[in-house]
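The values are calculated or read from the model by the stated rules, or taken from the named source; none is laboratory data. All of these numbers come straight from a predicted model, not from anything done at the bench. Because the Cβ atoms are built from the backbone with ideal geometry, glycine has one as well, and the counts that use them run over all protein chains shown.
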Amino acid sequence: MRIHLVGGFLGSGKTTAIINAAKLLMARGQRVGIVTNDQGRYLVDTAFVQLAGLPAVEVSGGCFCCNYDDFTARVDELANTIKPDVIFAESVGSCADLVATVIKPMLELRGTGSQPTSLSVFTDSRLLRLRLSGEELPFNDDVNYIFDQQIAEASLLVINKADLLPPAQREELLAAARAAYPDKQVRLQDSRTEAGVQEWLDLIESSQSALPTRTVDMDYQRYGQGEARLAWVDERFELSVPPASGREVIARILSDLQSRLTASQAAVGHLKVLVEAGPVRHKASLTTLAHADWLATLPDLPGEKVQLLVNARVEMPAEDLSRLVRQAVDSAGVPVTLLHGDQFHPAQPVPTHRIR
């Protein structure tokens, strides 16, 4: 059984890459399981993975490093139930220090059949381009510290969403990244395409991608301060809509929410939504550097009931973020029921193990 860990910052496209890689493996007759992870309890990504027909379990309420025993229990659960050839484990986008807190403990404390095979760290091409050119990222310095530390421990750096840059900028970024990180394998990727994901999958499935074992120096106080600046809001709503108007209602809500976040000048780690209406299930994502057509793929939504699950990770007070989400939902002018809601800031990270 091969275990591929996938890390990287919020909104870097990890889930899309994992789903498409899993489909490629399953087309070859291999069994695949997925472990998702988040600080919250109601995850768009878990639901989306399961809707794609992929076996998924989740570690919620904290990162892999602080919930190591739960993480390994979920790995064992998949191993005992579906007996996968491959497990993808996606860490929450605010998590760092995976080598010391997950990889080394698994290598030293577990049997040979359930040890990690690779670690890929994903980054949004546009954020990395800003970072390497010396421009400011939209986040506070303590949040940027997490971004930098994730990259620091990578042996394989995947510069994802390369399609959102012009071709000339892609080549410039690849050259700059290879110069800045000479000790890493660096690749550009568009995880929405089979070809892009196939090349990444071939790399991690082969011996060409070395598992990192160097522990980075980690300032846990600063790490915790960075996480604490990010608000986590997870809310599920049910909306009663006039017939044939579901798409219009959801588009109005999401556009209104984007406008409110822009007006607040808040840095968005990610905003993910899962829309469910009858047999239709659709995921949409927004980051601070969102491209204009993020709503273009929203499908028609049948019926008169629509459920909307919102996962928002934004640098602002959690109560303010929750208020913006609910104001946007109310702006649609249709009857709304809040089915559940969580709002919080992550606690100080305290890893179960840390092996230097």
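Numbers at a glance
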quantity: Verdict on Phe64 being in contact with a Phe, Trp or Tyr (Cβ under 8 Å, 6 or more places away or on another chain), over 29 Å from Pro279 (Cβ atoms) and assigned to a helix (DSSP H, G or I); calculated: no
quantity: Residue satisfying all of: in the stretch 28-72; in contact (Cβ under 8 Å) with a residue 40 or more places away in the chain and of a type in the set (A, V, I, L, M); surrounded by the fewest Cβ atoms within 10 Å (Cβ to Cβ) among these; calculated: Leu51
quantity: Set Thr262, Thr287: member being assigned by TED's automatic domain parsing to the domain that holds Val329, of a type in the set (S, T, N, Q) and surrounded by fewer than 18 Cβ atoms within 10 Å (Cβ to Cβ); calculated: Thr262
quantity: Extreme residue, nearest to the chain's Cα centre (by Cα), among residues of the stretch 1-33 that are among the β-branched types (Val, Ile, Thr) and under 14 Å from Val92 (Cβ atoms); calculated: Thr15
quantity: Members of the stretch 304-319 that are acidic (Asp, Glu) and loosely packed, with under 15 Cβ neighbours inside 10 Å; calculated: Glu319
quantity: In the stretch 93-132, residue surrounded by the most Cβ atoms within 10 Å (Cβ to Cβ) [restricted to those that are within 18 Å of the chain's Cα centre (by Cα) and of a type in the set (Val, Ile, Thr)]; calculated: Val102
